[in-house]
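> Before we start, here is the structure in question, set down as structure tokens.
No lab work stands behind these numbers, since they all come straight from the coordinates. Quantities reported herein were computed from a predicted structural model and do not represent experimental measurements. Reconstructed Cβ throughout: ideal geometry from the backbone, glycine too, with neighbour counts over all protein chains shown.
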Amino acid sequence: MSKAILVDTTRCIGCGACVSACKEANGLPQNEDTMLTAETLNVVESRSGVFVRKFCMHCQDPACASVCPVGALRKTAVGPVIYDESRCMGCRYCMMACPFGIPRYEWKLVLPRVKKCTMCAPRQAKGLQPACTEACPVQASIFGDRDLLLGDAENRLRQNPGGYVQHIYGRDEVGGTSVLYLSAVSFEALGFPANIPHDPLPMYTYRVLSKIPNVVAVGTVLLGGIWWITKRRAEVAYAEGEEKGTPKASDS
Amino acid sequence: MSWRKLPRLTFWRLLLAVILATGFYSALLRFTKGLGAATALTDRFPWGLWIGFDVLCGVGLAAGGFTLAAIVYIFHLERFQPIVRPTILTAFLGYVLVAVALLFDLGRPYRIWHPMVMWNPRSVMFEVAWCVMLYLTVLALEFSPMVFERFRWQRPLRIVKALTIPMVIAGVLLSTLHQASLGSLYLIVPSKLHPYWYSPLLPVLFFVSAVGVGLAMVIFESNLSARTFGREIEMPLLADLGKGIVVVLAFYALMRFRDLASHGTLRYLREPSTETVLFVLETLLGVVVPLAFLAFRRVRDSREGLFAAAVLVIAGFLLNRLNVSITGLEASSGTHYFPKWTEVSVTLSLVGLGFLFFALAVRYFGVFGSHSAVAEAQRHPKRLDTRVHVA
């Protein structure tokens, strides 16, 4: 069963407990960053009078993991998208590809790493829930099985139709994410990109990449064939020229 | 021998020295202080000039190499033989410099070999990495006869020549994949790249435009060589390449506009925006105007006209690649990127090194000296594939 986090922005009081807990769990300095940085992997933004947490969405089929040439990013079966720093060569394609603009880079370091929320994969491995959901005093963020959380979210939308935009952000976006959001105002107003396709982004690439073996096979035969035919033509032209006693240049 | 006395100080040499000295200082900054200190890159704009210009444009401008190799060795149009070697040299240097640029751009350049052992075949970047490695090897082999001849190493020369055709076929395939895959890199950002430039056809458009600009680069480079090294210019050959450009550009224009129209993108033309200006400029400069010029035989046959058209094609191509990689992404990134002087300085240095190495190669190797071999090949076409000099 894949795990997920449900964020109900109507319940968030903006206390920042999740931010401090996140920094403590990840050994990051407690500072006052107002947006995601290499030292702040979870942040509470205030937008349109609403508090909204921003952190990695942990896509079901993540663009970052699909584009990483060395497989440094990986979607685990239990939910988190994790990063293996020993593989990363620093091409930053993950940062380009992420539709939500989440991954950060340690620009100030000579040997930088990509930084993003890991959904506390190490804590989850020990049977604990992520630090942020554990710290939330009002259960604005809760942790659980994705299917159950989706059911929970649908219930909330049904029970309070006037209190919510009737949409679970993350259910279908880029093929679904492991972080789900509920809101009373439009998700665009909360700073979420509105033009996100519902297909998993890696499909856009795979449609092309899957044609490569064909291109190579057909290309080899085609080029070899053209080479053989044009060579043969030159030889014939030469032989005919020789018969007439006037060898002429072979090019066409 | 000229090494006994100091080289004469000319304006161009002085300029090159200044550029390389600044570039050296920038390189020091980059490798001791990190990317943050040496670039204007940010979390919102993680790819800048080094990817947009040095890699995307560099690879494209090297496309003459595989195009001409295919024309001469696969299609057997041997009359183009005299310009094969300088073109292969240009491509080889171009790719070497692209690899150097990557070393600058990668956060951990000492891990550049990782894609060889850590595989992710779902990644376009993985494909790009392998194509660069393999095609660089092919180009080195295609260039090697110039070195072997110089030192009269007969055995390796024979081996490489025997490998010509498989090598050229591999080179054409690798380039095709590579040029296209640079476009595929941007398939994953449908919500970020402006509709003028985002298209499922990006790989095809990148490939076709690379063929066009590859031919334009041959014309450009031949003109510069003729002037610099006091050589006769191969006008009839170049005029034919001009004809080739017309066909390629016309095909490109048709495909691009059909694609834009089918996605309803042309409606954006009514909105005045930076993107619209850049798109119109790119299209006029790189496609419409050169196409209109080159359609006339009088332009193709005139050295100045052909050169001007080639320069336009190249300029339009550069603008297109920078639009895809930088300006087309700015609006969605919510930030403005302008390269830092260090980025510009490294880029200029790489271009400068390209010119320097080209000049050195011309001085020490037989870059322009394979005419007799062609003449011989034309007398004995039976032995065409074995006797013609490898580029």
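> Per residue of B:69-79, what is the mean number of Cβ atoms on other protein chains within 10 angstrom of that residue's Cβ? Write out the running numbers ahead of the final one.
Values: counts 0, 3, 0, 1, 4, 9, 6, 11, 3, 6, 4.
What the average comes to for B:69-79 is 4.
> Using the Kirkwood radius over Cα pairs, work out the Stokes-Einstein diffusion coefficient for the protein assembly as shown at 37 °C and 0.692 mPa s, in µm²/s as a whole number. Write out the running numbers ahead of the final one.
On the way: Rh = 27.1 Å.
The estimated diffusion coefficient comes to 121 µm²/s.
> So how tilted is helix B:235-262 from the main axis of chain B? Cα-based, degrees 0 to 90, rounded to 10.
Here the helix axis deviates by roughly 20 degrees.
> Turning to a different aspect of this structure: Given q = 0.21 Å⁻¹, what are the Debye log10 I(q)/I(0) values for region A:78-145, with equal point scatterers placed on the Cα positions and solvent ignored?
Calculated log10 I(q)/I(0) at the listed q: -0.98.
> Listing A:V67, B:V287 from the residue with the fewest other Cβ atoms within 10 Å to the one with the most, what is the order? Could the numbers behind the result be given before it?
Details: A:V67 28, B:V287 23.
Ranking A:V67, B:V287 by Cβ neighbours within 10 Å, fewest first, gives B:V287, A:V67.
> Average the reciprocal distances over every distinct pair of alpha-carbons in region A:162-252, invert the result, and give the Kirkwood radius in Å. Working shown, then result.
Values: mean 1/r = 0.0526 Å⁻¹.
One decimal place: 19.0 Å for the Kirkwood radius.
> Here's something else I'd like to know. Could you give the Stokes-Einstein D for region B:238-349 in µm² per second, using the C-alpha Kirkwood radius, 37 °C, 0.692 mPa s? Let's see the in-between values first.
Details: Rh = 15.8 Å.
Taking Rh from Cα pairs, D becomes 208 µm²/s.
> While we're here: Calculate the mean, over all residues of peptide B:124-133, of how many other protein chain Cβ atoms lie within 10 angstrom of the residue's Cβ. Spell out each step's value before the answer.
Numbers: counts 9, 10, 7, 5, 3, 4, 1, 0, 0, 0.
Taking all residues of B:124-133 together, the mean is 4.
> Here's a follow-up. Fewest to most neighbouring Cβ within 10 Å: what's the order for A:D152, B:D105?
Numbers: A:D152 16, B:D105 24.
Exposure proxy ranking, most exposed first: A:D152, B:D105.
> GluC sites (Glu not before Pro) within region B:216-249: which are DSSP loop residues with at most 10 other Cβ atoms inside 10 Å? Spell out each step's value before the answer.
Working: sites: B:E221, B:E232, B:E234; in loops: B:E232, B:E234.
Answer by residue number: B:E232.
> Only counting other Cβ atoms within 10 Å, I'd like A:K3, B:K243, B:K161 sorted with the fewest neighbours first. Kindly include the intermediate steps, with their values, before the conclusion.
On the way: A:K3 22, B:K243 14, B:K161 17.
Fewest-to-most ranking of A:K3, B:K243, B:K161: B:K243, B:K161, A:K3.
> How much of the pair distance distribution for region B:116-257 lies past 25 Å, counting alpha-carbon pairs only, in percent? Can you show the working numbers first?
On the way: 4780 of 10011 pairs.
In whole percent, the long-distance tail amounts to 48.
> Just the Cα atoms of region A:92-194, one point each, no solvent: what log10 I(q)/I(0) does Debye give at q = 0.12 Å⁻¹?
Evaluating at q = 0.12 Å⁻¹ gives log10 I(q)/I(0) of -0.53.
> Can you give the translational diffusion coefficient of chain A in µm²/s, computed by Stokes-Einstein from the Kirkwood radius over Cα pairs at 4 °C and 1.567 mPa s? Provide the component values of the computation, followed by the final result.
Working: Rh = 21.2 Å.
Using the Kirkwood radius from Cα pairs, D works out to 61 µm²/s.
> Right, something else. Give me log10 I(q)/I(0) at q = 0.10, 0.19 Å⁻¹ for region B:1-131, Debye formula, one equal scatterer per alpha-carbon, no solvent.
-0.51, -1.18
> Another question, then. Suppose each label sits 7 Å from its Cα in the direction of the beta carbon; what would the B:T32-B:S302 distance come out to in nanometres?
5.4
> For chain B, find the longest principal axis of its Cα atoms and tell me its angle to the long axis of helix B:274-283, 0 to 90°, nearest 10.
That works out to roughly 20 degrees.
> Ok, one more. Give the list, by residue number, of cysteines in the protein assembly as shown with no other Cys Cβ closer than 4.7 Å, or say none.
A:C12, A:C15, A:C22, A:C59, A:C68, A:C88, A:C91, A:C98, A:C120, A:C136, B:C57, B:C131
> Where the centre of each part is set by its Cα atoms, how far does region B:158-180 sit from region A:141-211, in angstrom?
If you average the Cα positions of each part, the centres end up 47 Å apart.
> Starting from the Cα-Cα distance between B:L356 and B:A21, subtract it from 0.36 nm times their residue separation and give me the gain in nm to one decimal. Intermediate values should be presented prior to the final figure.
On the way: separation 335, 0.36 × 335 = 120.60 nm, distance 1.40 nm.
Once the chain is fully extended between B:L356 and B:A21, it gains 119.2 nm.
> Given labels modelled 7 Å from the Cα in the Cβ direction, how far is it in nm from A:D33 to B:M235?
Distance between the two pseudo-spin positions: 6.4 nm.
> Hey, another quick one. Compute the length gained on full extension between B:Y268 and B:F368: take 0.36 nm times their separation in residues and subtract their Cα-Cα distance, giving the result in nm to one decimal.
On the way: separation 100, 0.36 × 100 = 36.00 nm, distance 4.85 nm.
Taking B:Y268 through B:F368 to full extension adds about 31.1 nm, to one decimal.
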